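What follows is a single structure, written as structure tokens, with notes after it.
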């Protein structure tokens, strides 16, 4: 059996259904074998599209995404996608072809040291220099990608390892790596958490992507129902618990829901689960809740005390922690009295609701609210990066499981369209709603071809404000309105562009058109692009200015037309 | 504070770049790094001297542990250890001062491993203090070339 056949067989045995990729010189042989297998290959129009699609697929299914690329430029085109998956802990395997063993290190045609390049942005990267090592490397890479905190793994394979043959069953299994078990003092720490909860009058949960990675929806629901502790999430945790509930306050952070940020600032015990206390949540870490005891639960020990000091750090899977803590609370018959806390929260909500000016102009928030109203919380929602991403996080209440796909850590413009491709393959029969901007969409616009060719039911909402809205907003607020290089005085005609790809194009220019067009888009089978011409001057509020605490939000409060700071 | 970490890793290509790369990209300060095979040829031991406060060292340890090829990380800073560096030093040695240099070499119990017309090469092993002392003592004669390894360290056996 040759190396390519072994590789393809390996993925078949792992239950992989789709490979997202792009062929090239050093993977011709692999593609020859792939074409004769049961694996379905999705040809994107750029390697970056392939890796983001594999990423989107992994996020909506919980399975491992797989992508192929050739050596050199094919491999380097994966870099952004790998970094994106790394920061959001998405399980991914990237296979790259490499020049032949004899040509390595000689600056051969289409040679790049992709293993070296991707070292800091993958969970691990391999180069397989002996065909005999292929089985062990593949098995280990697969395990590395999915165990503990998931992440992307790259395997670089020289062309002669694909073409070379070996009798694999007779190859002795080689140990690639060995690791000692991690320590776990869960029971003791759970007792500390219960003691802290007993002391607390205003506890608060902060949930992140780790809860999704742990598939802990049910455990979370049970825990929240029993304990009654109010819930906030990070961007990556959005939708992990149905957001249309009284005790779910929404996203915290730089553009968090005002009441969620105020609750964060007022709580007397914060329990962060599967979060990494990124700077978008904490602002300056030194100023983040300096006097509030913090319980920090993460499966990755390196996250604990990395950005903020936790009083009770716990290395644990989110689901297991929630189960154990719930058990402990029940055994000790702990019943939290939270009425006062909820009445304070409800004051926050009434005093500082999330609002925007509804006028005659078309607001991006309105498009999102209308879509949410019509499509409901069960849709698969994908975003690109920028203002529209924050508007979706604020204004589209989600529920279900794995229904929100967004580039959280890396903030990759151009992620949305290819991620929506992956999401559509991962969730057949469901509408995929992509919210993008006129900036982001043009960063991987070539994937319209993939969407069109595969007739994917992706509804592409371009919240078109003819500018790079988020940067423009910062220039307005913090750079004396000097709009350097952020206003697009030229944009293509997105409708005609869509039509050139054979995709239906619709347009919304006025608020009163929105609901009709959105309904039409959602009921049209296959892809639809909706060009929404929205107010250029709209900003994302609230905003916690750089260095501020979570409560120091700028926004329009209580009918004021000017922007002011809370507190 | 300076910490000495003994890190057991798989003896594989790429492992050193993984470890060294980690230090540069996370902004940790590496003072010295020595790597070599252990009693098990499949395992190498990296001795790292790192500068940082407790928090930084804790992160360094955790991040090292996350590397796939890292088997075990031991902070042996507070332990009773034997630690050694190796020094090779070429010192100017005209006939008039040769005797004096050789006396110094003898006092420090190091060795002369090469005798040139106008220079000597001194080889020394010892802990950092001793190595520094030798360099200080020979500096007045004129050091022509100097090379030294980082520190290797081993925890003493139970007494």
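Each value in this text was obtained by applying a stated rule to the coordinates, not by laboratory testing. Worth saying up front: this structure is predicted, and the values here are computed from it rather than measured. Every residue, glycine as well, gets a Cβ built from its backbone with ideal geometry; the counts of neighbours run over all protein chains shown.
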Open item on the list: Suppose the chain between residue A:536 and residue A:453 were pulled fully straight at 0.36 nm per residue; how much longer would it get relative to their current alpha carbon spacing?
Closed with: 26.6 nm
Open item on the list: Between residue A:558 and residue A:374, what's the calculated FRET efficiency when r is the beta-carbon distance and R0 is 45 Å? Round to 0.05.
Closed with: 0.90
Task: Euclidean distance between Cα centres, the range A:102-119 to the range A:270-334, Å - done: 41
Task: Modelled label reach - residue A:108, point 7 Å along Cα→Cβ, the range A:66-86 residues with backbone N closer than 16 Å - done: A:70-75
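Just need the Rg to Rh number for chain A, please, alpha carbons only, Kirkwood Rh.
On the way: Rg = 24.4 Å, Rh = 24.7 Å.
Radius of gyration over Kirkwood radius for chain A works out to 0.98.
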Open item on the list: Over the Cα atoms, compute the radius of gyration (one decimal) and Dmax (the largest Cα-Cα distance, rounded to a whole number) for the range B:2-75, in Å.
Closed with: 11.3, 33
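Please work out the ratio of the alpha-carbon Rg of the range A:11-114 to 2.2 N^0.38 Å and round it to two decimals.
Details: Rg = 13.5 Å, N = 104, 2.2 N^0.38 = 12.8 Å.
Working it through for the range A:11-114, the quotient is 1.05.
Over the protein assembly as shown, what is the percentage of antiparallel beta bridges among all DSSP beta bridges, to the nearest 5?
Details: 48 of 112 bridges.
About 45 percent, rounded to the nearest 5.
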Open item on the list: For the range A:71-144, what are Rg and Dmax over the alpha carbons, in angstrom?
Closed with: 12.6, 37
Open item on the list: Based on the alpha carbons, how large is the Rg to Rh ratio for the range B:81-155 when Rh follows Kirkwood?
Closed with: 0.99
Task: Quarter of the Cα convex hull surface for the range A:186-351, i.e. its orientation-mean projected area (nm²) - done: 8.4
- [ ] Figure the gain on full extension for residue A:510 and residue A:139 (residue separation times 0.36 nm, minus the Cα-Cα span) and round it to one decimal in nm.
- [x] 128.1 nm
Task: Within 10 Å of each Cβ in A:295-308, the average number of Cβ atoms from other chains - done: 2
Open item on the list: Students often check this: by mean Cβ neighbours within 10 Å, which of A:38-50, A:8-20 ranks highest, and how do the rest follow?
Closed with: A:38-50, A:8-20
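When you count, for each residue, the other Cβ atoms within 10 Å and take the mean per peptide, how do A:193-201, A:108-116 rank with the highest first?
On the way: A:193-201: 15.9, A:108-116: 17.9.
Taking the mean over residues of other Cβ atoms within 10 Å, the ranking is A:108-116, A:193-201.
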Open item on the list: Tell me whether the range A:167-235 comes out rounded, prolate or oblate; compute the Cα gyration tensor, take square roots of the eigenvalues as a ≥ b ≥ c, and use a/c under 1.5 as the rounded threshold.
Closed with: prolate
TODO: With a cut-off of 19 Å, note down the residues of the range A:9-39 whose backbone N falls inside the zone around a label point 7 Å from the Cα of residue A:173 toward its beta carbon.
DONE: A:9-15
Open item on the list: Residue by residue through B:15-21, how many Cβ atoms from other chains fall within 10 Å of the Cβ on average?
Closed with: 2
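In peptide B:58-66, how many Cβ atoms from other protein chains are near each Cβ within 10 Å, on average? The partial results should precede the final answer.
Working: counts 5, 4, 1, 2, 8, 3, 1, 6, 8.
Counting other chains' Cβ atoms within 10 Å and averaging over B:58-66 gives 4.
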Task: Distance in nm between pseudo-label sites at residue A:244 and residue A:474 (7 Å out along the Cβ direction from Cα) - done: 3.5
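Among bridges DSSP assigns within the range A:355-501, what percent are antiparallel (round to 5)? Can you show the working numbers first?
Numbers: 1 of 13 bridges.
Antiparallel bridges make up about 10 percent of those DSSP assigns within the range A:355-501.
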- [ ] Please find, in a Gaussian network model of chain B (springs between Cα atoms separated by less than 10 Å), the residue of B:17, B:32, B:137 whose mean-square fluctuation is greatest.
- [x] B:17
- [ ] Determine, from the Cβ-Cβ distance of residue B:128 and residue A:215 and an R0 of 51 Å, the FRET efficiency 1/(1 + (r/R0)^6), rounded to the nearest 0.05.
- [x] 0.50
Task: Among A:423-431, A:146-154, the order from most to least packed when residues are scored by Cβ within 10 Å on average - done: A:146-154, A:423-431
